[in-house]
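The values are calculated or read from the model by the stated rules, or taken from the named source; none is laboratory data. Every value quoted in this text rests on a predicted model; they were computed, and no experiment measured them. We place every Cβ from the backbone using ideal geometry, glycine too, and count neighbours over all the protein chains shown. Side chains are part of the model used for accessible areas, which takes the heavy atoms of the whole protein and leaves out ligands, DNA and RNA. Shrake-Rupley method; radii C 1.70, N 1.55, O 1.52, S 1.80 Å.
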Amino acid sequence: MRDTLLDSEDKLFREEIQDFMARELGPRAQAIERDEWKATRDMLRELGRAGYLTPMFKDHYRGKLANPGLTHAVMVTEEAARLSYAFETTVATALSCAYPLHRHAQAQPRERWLDAILSGQGIGAICITEDSVGSDSAGMKTTLRYDESTREWVVNGFKRYISNASVADVYLVYGITDASVSAQKGMSAVLVPKDARGMSFPRRYSFMGRRGCVVGEVRFEDVRIPADHLLGEPNRGFQIMLGMFNFERVILGGSGLGVARSAFEIAIAHAQQREVFGEMLSAKQLTWDKIAEMSWRIDAAELLTYRAAKLYDRGTDNKTLMKPAAMAKLVATETANYCADRTVQILGGDGLTCEYGRAEQIYRDARALTIVGGTSEMVKYLIASADLPLAKPKL
Ligand SMILES: Cc1cc2nc3c(=O)[nH]c(=O)nc-3n(C[C@H](O)[C@H](O)[C@H](O)COP(=O)(O)OP(=O)(O)OC[C@H]3O[C@@H](n4cnc5c(N)ncnc54)[C@H](O)[C@@H]3O)c2cc1C
């Protein structure tokens, strides 16, 4: 049964979002897959114009919902990912950048970029991953040095695998401000505008999936930014990052769920129209097994994702939210991969070709989900660490 944790207002919002995505994203999805940036850009503006980037920022929300929240942002990402995961990643990255901006930015930079991102006119990027550091983000080498004489932050470092690199208007950059202590105590976060001198984009990557979402490298060479571009207090960057990850992982629950549902819908339709050995494929018990395995996983992903979203909307603190957010991310993204794989199997040769629908695209797209925003291995560590508070695992 769908949407068990949602109330009647939430369900009406889902219908509204489904209609919107079918109308606006559906016709653009193929152009986005062909990597036509204009289609992504236009769609983001439509989403912003309709106000669908704001539900979780109550002071910016102007829509009909009496209780807007993360629940509704997840519905937006779920319904977007159902039609185009590449587009959804652009939205998810924008929201994940808006979240710390909203919470921690000082007045002037907040005003400059938050409205722009939430209205779909501006784009944000998050810079954590480096050459030698992915999962182990505390080992980052990028430095943020405060120059007293000019009252500026000076950024030096190299970031890779950055979604929206070169197309974003603002870059939320994590770096080390105090190397004499652990990153947990010596990391900070700053905002770097796209036109900052000393910033460059050496390379854009080609990925097997998520085509249409720009991902590349960002280099910072003595990039100077005003003092007020710091987020929160100096040396509190790690805590800001953890809060952002919680939020991002619930959103990724929606992404995984949307991708899983799109695969499942294709599998169901195919199994009920393809004849094999004189019968519908759907009449075969081995097909039932595949359908049942997908079906329960999707329900589990849905329950965990919306549980986490509802917990957030109830004001659950970051420490408590860590485990449910990690579970939502883990189960929904693994489910997306499972469903993409089983759907290709159900379709046979048709599942591998570009000529017979989207199954092959979904299969390529889904693969990124268990790697971005914390790999499955990393989120399992988070889940277990909440259950084993006395253990101090050496990762
Ligand atoms: C399409 C895409 C978009 C991305 N967008 C962004 C972005 O916008 N901003 C950003 O900062 N980053 C981004 N990333 C980077 C992403 O967050 C990292 O790829 C991810 O965190 C994993 O880091 P890594 O690739 O360096 O892998 P590694 O950390 O090197 O890990 C490699 C493998 O080893 C496993 N592993 C690592 N440590 C352990 C351990 N202790 N025990 C067991 N297994 C372990 C991992 O789970 C993984 O399976 C993006 C990546 C991709 C692919």
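Restricting region 1-53 to residues that are in a helix (DSSP H, G or I) and of a type in the set (S, T, N, Q), the residue that is surrounded by the fewest Cβ atoms within 10 Å (Cβ to Cβ) is SER8.
For region 264-296, the set of residues classified as of a type outside the set (Val, Ile, Thr), surrounded by 21 or more Cβ atoms within 10 Å (Cβ to Cβ) and touching a Ser or Thr at 6+ places or on another chain (Cβ under 6 Å) consists of ALA267, ALA271, listed by residue number.
Here LYS141 meets the list (1) touching a strand residue (DSSP E or B) at 6+ places or on another chain (Cβ under 9 Å); (2) away from the ligand (no atom under 15 Å from the Cβ); (3) among the charged types (D, E, K, R) almost entirely, failing just condition (2).
So for region 96-105 (the condition being within 12 Å of the ligand (Cβ to nearest atom), assigned by TED's automatic domain parsing to the domain that holds GLY69 and either surrounded by fewer than 21 Cβ atoms within 10 Å (Cβ to Cβ) or under 22 Å from the mean Cα position of the chain (by Cα) (or both)), does at least one residue qualify? Give the steps one after another, and end with the answer.
Initial filter on region 96-105 (within 12 Å of the ligand (Cβ to nearest atom)): 96-97.
Then keep just the ones that are assigned by TED's automatic domain parsing to the domain that holds GLY69; that gives 96-97.
Then keep just the ones that are either surrounded by fewer than 21 Cβ atoms within 10 Å (Cβ to Cβ) or under 22 Å from the mean Cα position of the chain (by Cα) (or both); that gives 96-97.
Checked against the condition, which is being within 12 Å of the ligand (Cβ to nearest atom), assigned by TED's automatic domain parsing to the domain that holds GLY69 and either surrounded by fewer than 21 Cβ atoms within 10 Å (Cβ to Cβ) or under 22 Å from the mean Cα position of the chain (by Cα) (or both), region 96-105 yields at least one hit.
In region 62-160, counting only helices (runs of 4 or more DSSP H) that sit wholly within it, the ones holding 1 or more residues that are in contact with a Pro (Cβ under 6 Å, 6 or more places away or on another chain) span 70-83. When region 191-223 is limited to residues that are β-branched (Val, Ile, Thr) and within 11 Å of the ligand (Cβ to nearest atom), the one that is surrounded by the fewest Cβ atoms within 10 Å (Cβ to Cβ) turns out to be VAL215. Among residues of region 242-266 that are within 21 Å of THR287 (Cβ to Cβ) and in a helix (DSSP H, G or I), those with a beta-carbon under 6 Å from a residue that is open to solvent by 10 Å² or more (accessible area, probe 1.4 Å) and of a type in the set (Lys, Arg) at least six positions away or on a different chain give the pairs ARG261/ARG82; SER262/ARG82. Scanning region 342-395 for residues that are assigned to a loop (DSSP other than H, G, I, E, B), away from the ligand (no atom under 16 Å from the Cβ) and free of Cβ contacts under 8 Å to residues at least 12 places away in the same chain turns up LEU352, THR353, CYS354, GLU355, TYR356, PRO389, LEU390.
Take the residues in region 144-153 that are of a type outside the set (Asp, Glu) and surrounded by fewer than 18 Cβ atoms within 10 Å (Cβ to Cβ), then tell me which one is nearest to the ligand (Cβ to nearest atom). For region 144-153, the residue satisfying everything is ARG145.
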